[in-house]
Structures are given as structure tokens and as C-alpha cells.
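The values are calculated or read from the model by the stated rules, or taken from the named source; none is laboratory data. No experiment lies behind these values; they were computed from the predicted model shown. Quick reminder, even Gly has a Cβ in these numbers, built from the backbone with ideal geometry, and neighbours come from all protein chains shown.
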Amino acid sequence: MSNDVSEAISEIYGLGDRAVARRSDPDTSHDAAASVTRISECQHEIVQALSVCGPQSDSSIASFINVPGRERWSDAGIRTRRKELVGMGKVKDSGERVTLLTGRKSIVWCLA
């Protein structure tokens with residue numbers, strides 16, 4: 001992920017190694033920044049996939065992240081990190097379903 005894209009995603013969604021507030025921000029902004037939970041690199045890539053491609057199933061997110069020659073995360077790991085993002089209120093069920101190649105239905109996830 002390019003640095004510019006990563007920084008933009010972090011700024012828009014409040015994600016990153018740590019949240020920051022501007023010196024000119026009120027104390028409440030600094031308190032809020034200090035309370036933000038860290039987000040993993042994999043979670044960052046999931047948010048990027050949903051930002052770039054729009055709503056997707058877990059398998060589509062995994063395909064976006066794990067391009068040939070750059071398989072970084074297991075499908076199960078990606079599902080776990082996506083579930084964490086749901087718990088953080090960053091990702092949600094879009095209400096849509098897609099049929100996978102197996103014939104099973106899959107939830108389509110989107111940014112909250």
C-alpha cells in the first residue's frame with residue numbers, strides 16, 4: 001500500500017499505529033486520540049480493500065489483499081481481522097449477499 005493511501009485511510013477512519021490530535025485541538029480531541037485502539041497492518045489492508053473496491057465478501061477481500069506473489073495473510077486471518085473491525089465499528093454487514101463458487105451465500109461487507 002502506498003504511503004499516501006495508507007495515511008489518507010488512517011486520517012479518514014482514525015486508524016494507524018496511534019491516533020494523534022493537532023496541537024491546536026481541544027483537550028477532548030487529545031483524550032479521544034489517546035483512547036483509540038491500535039489497528040493491525042492486516043486490518044489496514046482490509047479497510048483499503050473496502051475503500052478502493054467498495055463492498056466485498058471475505059473471499060473478495062482476501063483476493064484483493066493476497067495478490068499472486070504477495071500472499072501475506074491466510075483467509076482465516078483476514079476473516080478474524082475483519083471481524084475485529086466489525087467489533088470496532090469500522091466495518092459492517094451491507095445487507096447484501098453474494099453466491100460463492102461453492103454455491104454458498106456470503107455476506108458482503110462495507111465500511112461503516
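Remarks
- Any chance Leu100 is buried (at least 17 other Cβ atoms within 10 Å of the Cβ) and touching a strand residue (DSSP E or B) at 6+ places or on another chain (Cβ under 7 Å): no
- Residues that are polar (S, T, N, Q), within 18 Å of Gln43 (Cα to Cα) and part of a loop (DSSP other than H, G, I, E, B) within region 61-112 comprise Asn66, Ser74, listed in sequence order.
- The one condition from (1) of a type in the set (Lys, Arg); (2) modelled with pLDDT of 90 or more; (3) loosely packed, with under 14 Cβ neighbours inside 10 Å that Lys92 does not meet is (3).
- Exclusive hit being among the aliphatic types (A, V, I, L, M) and at pLDDT 80 or above, set Val36, Val98: Val98
- Where a residue in region 73-84 is free of Cβ contacts under 8 Å to residues at least 40 places away in the same chain and its partner, wherever it lies, is of a type in the set (Val, Ile, Thr) and surrounded by 16 or more Cβ atoms within 10 Å (Cβ to Cβ), with Cβ under 8 Å and at least six apart: Trp73/Ile65; Ile78/Ile46; Ile78/Ile61; Ile78/Ile65; Arg82/Ile46; Arg82/Ile61; Arg82/Val91
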